[in-house]
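J.: Here it is: the structure, laid out below.
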Amino acid sequence: QPLPGGAASRPSVGSSILVSPRQKGNPVLASIKSTPWEYSDIPSDYVLGSTTCCLFLSLKYHRLHPEYIYTRIRLLQHRYLLRILLTLVDIPNYEEPLRELSKTSLVNNVTVILCWSAQEAARYLELYKSYEFASAQGIMGARKQGYAEQMVEFVTVPRSINKTDAIALVSEFGSLRRAVNVVAENGGEERLAGVQGWGEKKVRQWKKAVEGGFRVQK
Amino acid sequence: MSSASSAPQPVKLSLPLVYQQKLFEELRKEDELVILARGLGLMRLITNLLHSYDAAGNNLIVVVNAEDRENAWIGEALAEHAAVSMSPKARGLTVVNTDFTSVGTREKMYAHGGIFSITSRILVVDLLTNLLNPETITGMIVLHADRIVATSLEAFILRIYRQKNKAGFLKAFSDNPDPFTVGFSPLATMMRNMFLRKASLWPRFHVQVAQSLEGKKKAEVIELEVPMTDSMREIQTAIMECVEISIHELKKENTGLEMEDWNLDSALTRNFDLMVRRQLDPNWHRVSWKTKQIAGDLTVLRGMLQSILALDAVSFLQQLDTIHAAHKPAPGTTRQTESPWLFSDAAQTIFETARHRVYSSKQKANANSTLESLKPVLEEQPKWAVLADVLEEIDRDLYFEPAVRDDSNGTILIMCADTDTCRQLRDYLQTMHIRPRTAKKVEEVYDPEEDKPSGAFLMRRKLRNYLNWKREFAQVNTVLFSENQKALSGAVDPRLPQARGRGGAPANKRRRVRGGGGVGSNPSRLENGSIVQHFEKPNEVADLMSEIQITEDDTNGQAAEEIITFATADPLEDMDDYYQLYDMQDLVVIHAYEGDQDEHVLEEVKPKYIIMYEPDASFIRRVEVYRSSHNDRNVRVYFLYYGGSVEEQRYLSSVRREKDAFTKLIKERASMSIVMTTDSHGVEDPESAFLRTINTRIAGGGKLAKATAQPPRVVVDVREFRSSLPSLLHGRSMVIVPCMLTVGDYILSPNICVERKSVSDLISSFKDGRLYAQCETMFQHYKNPMLLIEFDQSKSFTLEPFADLSGSLRSVNPENAGANDLQSKIVLLTLAFPKLRIIWSSSPYETAEIFERLKALEEEPDPIAAVRAGLGEGESPEDGVNEGRGAVNGGTFNMEAQEMLGKVPGVTPKNIKNIIMEAENVREVANMEVPELSRLVGREAAVKIVEFFKKDVLEDV
């Protein structure tokens, strides 16, 4: 949680990204185009919402000043709920620093987000700002709408069955219930194999998928 | 080594050819990697080898990486051998796959010994939990050695085996030399993965092989080149043109794509879609939506190249219709979602020509003109006539020169590519002497020659079915895609007119018009001259139907009558059902190529004549082996192929490729130097090795070692054994404890729980909301949940899309996440779970390093606690730990079924568990009614589920 004092000193974050003057000259700033931003005296590099802040780290810089980022994190104290460490991967041998940052993120409560260009970094900043009040609905499983899509999604779970096969299947049997039940019927496999484009392999996979048990049989 | 060598047993082998015996002796003597050219009898060699060990008894031999079919074959062959050589000690093959579940049973079986074929996922867990002690294994036989790469499960198995057991034998087999030639010193690398020192190569041109097969008992082969019809060639050319268009589009979008050597010939010879895929693969998560679609189109086009040869004219048209329906744009999309090839003139040619092969109709069909203007054409496959000729020739041959007494049956064996073709040929042979008696109007279409066999009857029947199907399909189509059409026609999208690019304009317009319904039947559609008209001419279909209807009555009556006469009078009556008991003497057997199984077919059928309806290089060798193995059987082979077709090219190139691969391998073997250690990760520290042995023994159980320096331990979900990470962690001297976890994939410490997602997993689990649910449960049970985003070794380590990022934010709103990119979803996730830590790893190797570091100062995790997390009341964690052994197989592993269930509308990540606990499989759920389901998921969801399964696309809405 942000400290109450911190919240008071920033009356309202408003609709713009707050940028620390330290970031002056960072090409990321030039790429922030769709969201307004302004300089402000803040402990982090960017403030993206009342509970979200962001530190920017270029791995190139990190290689030269490995202690820098730890000082910055320390300065954040325990403010902000979501503390992003926006890391620009701009050196070819990134492996070692990334291992180190993974460990740091655990110890110091920061969330590492990698980006590969200033544009991408700017996009992350914009996204965080614009999603400040967004609900998580978008990642809670947006279902496909409409029977055709849902049906295709369902039928194409077994790997070798594709969209064309799915449509051929329902048009042969009419409903999914019948298409599922056909595997248990006498000569059902023969009938399935007769569906346009369905070979033995697909029939076998379909059978396995709909007849295979969900659980361990003890 | 096995006790077999010390106590030789009289063993009867069935290896008639010199090279086979030679190879067998070699294998008995030492461990090696055998690469045998396809069709030279690899399975026979393996079964003989296994039998020689089996007969000795007192062995524990593990067969790794065998497929179901091979298991069946090995099982049968071993039983047969055992009976023939009457070895009392032989115990045959025990297959351990998903059907065996109980840990206890497996333990007993292993203790009893014998030959086991074990699914890799089960085997690795059994070895890790010491249920199957590696030291007790006499030897391992590895099939499909070509699939074993350093990070694969099989390589992991071999490493565990070799670490603890240096004495047991290890023999690897492959009949696919291709994968051994890719990369830098591939053969040496592969051999190092398998801890083998010696490679034994047996191409077809090996001196001993050639001598064995090319003696005086050579099989007689007659090649028949069949020309394609003009329209077939036309369609083939048009498809190639579409391929070219698609590739051109790809190049435009992805400048890095290397397609310089691309020309139309290479489309004929190679799997071009795979080639493109392979090039795009490192960046697959970054390429645009359109690129993905085009890559998919290429696969479709390649399928068409094949089916133009394999399918008859009517089925091909039907397939085109289905393909076309499946490629309609999704509703509400404002992007240019069409596949580019569909807009080309070539596509037009494909659809038009395919239709004209079936029926010709003047475009302006109306009620008055139908009977004159619509007439079935029904072009037949050229191979059919040739096939009939060949059969006739054989018939004559048999008649004039009565069979020389020999061991083979008089059977004629027809081999073709798949069961579909089998069915097609069966139908053709059954009906080729039936004359359709048609209405006078269309009579002139048919060949007046009465005796000539023709597929006319078959084709007419197919056409009738097709027209019926089409009527239904039009219905299905409207039910399925009514939303699309509404969306399309109603789309108030000002951008669309400008959006359509070069060439696409008229097509686009056409689509929009079509969506309006009713307009489609308007004769004015002619001006578009469209591809889509296939579905939009109800009246034309109706006309055709009525036309065919006239003939249907008499043909039907005719057919019934003729089939009877056919059954009694036709000299070829015994041709039809090959699975009935007929006298083998004069039977026609139609069979599909099935790899190694074909040897069985040859042995059982003992054919005198073989007609290869489609070329297959390995089958020719099987015939050679068959012929050379039997002194007294004469075989004549007819070999049919379409000249200048994909089929011919593919056959030639497969032969050439195999030869090249072997040549390369021989060269590499000659210059290879191998330094071998038993451990692939260098010399092992004896102390850590010691500690590890101690700990693995108790890993599956509850007792923890009280050693002062515990080796690092990771609890791993059994489902994770599909990835290479457990193997790599094991390689870094960590103890792997396989368990059945409800929460998380890897438990590094009592606090740290990691959910691993590859980039593609990440995308899909964002889409269905799985990741959100997983994060929720992780936070309920662990202090430090982490999301591991793991990139593939070979993939580029970036998420940045190729597209221009600037300004794209405008079009993105958080509510409509469907169209959003990965970045915005990661943002939403971190906003929803601010305490979630993200680990970015460029490869599984990196992940292993990171895990080691994360664990460094933490306590070791407790397997029981890890399993308990997320379990409900009354579920015993002990089960979970044991299930680490037991549940590898069985239903919990059937992710596919669960995934399918998850796709059903109404099923959510929350209520899915209730259904899984109650219902057995998808079929059971599909048959449940609302009251039953309401109990599990509540009424609202239940209604949705039942509606989904019950919805009938054939009924009117």
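The values are calculated or read from the model by the stated rules, or taken from the named source; none is laboratory data. Small disclaimer: the values here were computed from a predicted structure and weren't measured. For neighbour counting, all protein chains shown are included, and Cβ atoms are generated from backbone atoms with ideal geometry for every residue, glycine included. Side chains included, ligands, DNA and RNA excluded: accessible areas come from the protein's heavy atoms. Shrake-Rupley method; radii C 1.70, N 1.55, O 1.52, S 1.80 Å.
J.: Can you report the number of residues in segment B:139-166 which are part of a loop (DSSP other than H, G, I, E, B) and in contact with a helix residue (DSSP H, G or I) (Cβ under 9 Å, 6 or more places away or on another chain)?
T.: 8
So that you can scan it fast, the table gives a plain yes or no per residue for (1) within 30 Å of A:VAL19 (Cβ to Cβ); (2) under 33 Å from the mean Cα position of the chain (by Cα); (3) open to solvent by 10 Å² or more (accessible area, probe 1.4 Å):
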site	(1), (2), (3)
A:THR164	no, yes, yes
A:LEU169	no, no, no
A:GLU189	no, no, yes
A:GLY197	no, no, yes
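J.: Still on this structure: If you scan segment A:129-146, which residues turn out to be in a helix (DSSP H, G or I), within 7 Å of another protein chain (Cβ to nearest Cβ) and open to solvent by 10 Å² or more (accessible area, probe 1.4 Å)?
T.: A:SER130, A:ALA136, A:GLN137, listed by residue number.
J.: Would you please name the residue that is nearest to A:SER34 (Cα to Cα), looking only at residues in segment B:781-839 that are more than 7 Å from chain A (Cβ to nearest Cβ) and at pLDDT below 55?
T.: Step by step, filter segment B:781-839, then rank; the result is B:SER808.
J.: Quick one: is B:LYS903 without any contact (Cβ under 8 Å) to a residue 12 or more places away in the chain, open to solvent by 10 Å² or more (accessible area, probe 1.4 Å), under 20 Å from B:TYR772 (Cβ atoms) and not hydrophobic (A, V, I, L, M, F, W, C)?
T.: no
J.: A follow-up question, please. Quick check, is A:ASN181 surrounded by fewer than 19 Cβ atoms within 10 Å (Cβ to Cβ), at the interface with chain B (Cβ under 7 Å from one of its Cβ atoms) and on the phi < 0 side of the Ramachandran plot?
T.: yes
J.: May I pose another question? Taking into account only those residues within segment B:717-773 that are under 21 Å from B:LEU799 (Cα atoms) and among the β-branched types (Val, Ile, Thr), which is surrounded by the most Cβ atoms within 10 Å (Cβ to Cβ)?
T.: This residue is B:VAL754.
J.: Of all residues in segment B:63-94, which are open to solvent by 40 Å² or more (accessible area, probe 1.4 Å), assigned to a loop (DSSP other than H, G, I, E, B) and not charged (D, E, K, R)?
T.: Of everything in segment B:63-94, those that are open to solvent by 40 Å² or more (accessible area, probe 1.4 Å), assigned to a loop (DSSP other than H, G, I, E, B) and not charged (D, E, K, R) turn out to be B:MET86, B:PRO88.
J.: Looking at segment A:83-97, is at least one residue farther than 21 Å from B:ILE850 by Cβ and either touching a Phe, Trp or Tyr at 6+ places or on another chain (Cβ under 6 Å) or at pLDDT 90 or above (or both)?
T.: Within segment A:83-97, the first condition is being farther than 21 Å from B:ILE850 by Cβ, and the residues that meet it are none.
No, segment A:83-97 has no match at all.
J.: Of the residues A:GLU172, A:GLU126, A:GLU149, only one is more than 8 Å from every other protein chain (Cβ to nearest Cβ) and outside any loop (DSSP other than H, G, I, E, B); which?
T.: After applying the criteria, what remains is A:GLU172.
J.: Quick one: in segment B:623-649, which of the residues that are part of a helix (DSSP H, G or I) and among the aliphatic types (A, V, I, L, M) is surrounded by the fewest Cβ atoms within 10 Å (Cβ to Cβ)?
T.: Here is the first cut: in segment B:623-649, the residues part of a helix (DSSP H, G or I) are B:623-629, B:646-649.
Add one more test, that the residue is among the aliphatic types (A, V, I, L, M), and what stays is B:623, B:625, B:646.
Numbers: B:VAL623: 24, B:VAL625: 24, B:VAL646: 19.
Here the answer is B:VAL646.
J.: A further question follows. Tally the residues that are among the small types (Gly, Ala, Ser) and open to solvent by less than 20 Å² (accessible area, probe 1.4 Å), restricting the search to segment B:909-957.
T.: 4
J.: Another question, then. Go through segment A:91-112 and give me each residue that's at the interface with another protein chain (Cβ under 7 Å from one of its Cβ atoms) and either of a type in the set (Ser, Thr, Tyr) or closer than 17 Å to B:LEU829 by Cβ (or both).
T.: Of the residues in segment A:91-112, the ones at the interface with another protein chain (Cβ under 7 Å from one of its Cβ atoms) are A:95, A:98-99, A:102-103, A:105-106, A:111-112.
Those that are at the interface with another protein chain (Cβ under 7 Å from one of its Cβ atoms) and either of a type in the set (Ser, Thr, Tyr) or closer than 17 Å to B:LEU829 by Cβ (or both): A:SER102, A:SER105, A:THR111, A:VAL112.
J.: Return a yes/no flag: does segment B:920-933 have any residue that is at the interface with chain A (Cβ under 7 Å from one of its Cβ atoms) and outside any helix (DSSP H, G or I).
T.: Yes: segment B:920-933 contains one or more residues that are at the interface with chain A (Cβ under 7 Å from one of its Cβ atoms) and outside any helix (DSSP H, G or I).
J.: Then there's this: Of (1) within 23 Å of the chain's Cα centre (by Cα); (2) surrounded by fewer than 22 Cβ atoms within 10 Å (Cβ to Cβ), A:TYR68 satisfies all except one. Which?
T.: (1)
J.: For the condition modelled with pLDDT of 75 or more and in contact with a Pro (Cβ under 8 Å, 6 or more places away or on another chain), what is the one hit in B:ILE239, B:ILE245, B:ILE222?
T.: B:ILE245
J.: Another question about this same structure. Scan segment B:667-674 and tell me whether some residue there is at pLDDT 80 or above and either within 30 Å of A:LEU114 (Cα to Cα) or within 14 Å of another protein chain (Cβ to nearest Cβ) (or both).
T.: Within segment B:667-674 (the criterion being at pLDDT 80 or above and either within 30 Å of A:LEU114 (Cα to Cα) or within 14 Å of another protein chain (Cβ to nearest Cβ) (or both)), the answer is no, since none of the residues qualifies.
J.: Quick one: B:PRO179 ticks every box in (1) buried (at least 16 other Cβ atoms within 10 Å of the Cβ); (2) touching a helix residue (DSSP H, G or I) at 6+ places or on another chain (Cβ under 8 Å); (3) in contact (Cβ under 8 Å) with a residue 60 or more places away in the chain; (4) closer than 22 Å to B:ALA37 by Cα bar one, so which box is it?
T.: B:PRO179 satisfies all of (1) buried (at least 16 other Cβ atoms within 10 Å of the Cβ); (2) touching a helix residue (DSSP H, G or I) at 6+ places or on another chain (Cβ under 8 Å); (3) in contact (Cβ under 8 Å) with a residue 60 or more places away in the chain; (4) closer than 22 Å to B:ALA37 by Cα except (3).
J.: Among the candidates B:THR101, B:THR151, which residue alone is modelled with pLDDT under 90, farther than 27 Å from B:PHE180 by Cβ and surrounded by 16 or more Cβ atoms within 10 Å (Cβ to Cβ)?
T.: B:THR101
J.: If you take the residues of segment A:21-60 that are in a strand (DSSP E or B) and more than 22 Å from the chain's Cα centre (by Cα), which of them is surrounded by the most Cβ atoms within 10 Å (Cβ to Cβ)?
T.: Keep residues of segment A:21-60 that are in a strand (DSSP E or B), which gives A:37-39, A:46-49, A:52-58.
From the residues that got through so far, the ones that are more than 22 Å from the chain's Cα centre (by Cα) too are A:37-39.
Working: A:TRP37: 18, A:GLU38: 9, A:TYR39: 13.
Selected residue: A:TRP37.
J.: Only one of these is at pLDDT 85 or above and in a loop (DSSP other than H, G, I, E, B): B:LEU132, B:LEU123. Name it.
T.: Going through B:LEU132, B:LEU123 in turn, the sole match is B:LEU132.
J.: Right, next: Out of the residues in segment A:152-162 meeting the condition of being open to solvent by less than 30 Å² (accessible area, probe 1.4 Å) and facing chain B (nearest Cβ under 7 Å), tell me which one is nearest to A:GLN205 (Cα to Cα).
T.: Ranking the candidates gives A:PRO158 first.
J.: Looking only at segment B:226-243, decide whether some residue is among the basic types (Lys, Arg), closer than 27 Å to B:ASP616 by Cα and surrounded by 21 or more Cβ atoms within 10 Å (Cβ to Cβ).
T.: no
J.: Tell me, please, whether a residue that is open to solvent by less than 70 Å² (accessible area, probe 1.4 Å), at pLDDT 75 or above and under 18 Å from B:ASP345 (Cβ atoms) can be found in segment B:256-274.
T.: Looking for residues that are open to solvent by less than 70 Å² (accessible area, probe 1.4 Å), at pLDDT 75 or above and under 18 Å from B:ASP345 (Cβ atoms), one finds none in segment B:256-274, hence no.
J.: Identify the single condition in (1) at pLDDT below 90; (2) within 21 Å of A:LYS129 (Cα to Cα) that A:THR52 does not satisfy, given that it satisfies every other one.
T.: It fails just one condition, (1).
J.: For segment B:109-116, indicate whether the set of residues that are among the β-branched types (Val, Ile, Thr) and surrounded by fewer than 24 Cβ atoms within 10 Å (Cβ to Cβ) is non-empty.
T.: Step one: of segment B:109-116, the residues among the β-branched types (Val, Ile, Thr) are B:115.
Restricting the remaining residues to those that are surrounded by fewer than 24 Cβ atoms within 10 Å (Cβ to Cβ) gives none.
No, segment B:109-116 has no match at all.
J.: Determine, yes or no, whether B:LEU652 is open to solvent by 20 Å² or more (accessible area, probe 1.4 Å) and touching a Ser or Thr at 6+ places or on another chain (Cβ under 8 Å).
T.: So B:LEU652 passes the test.
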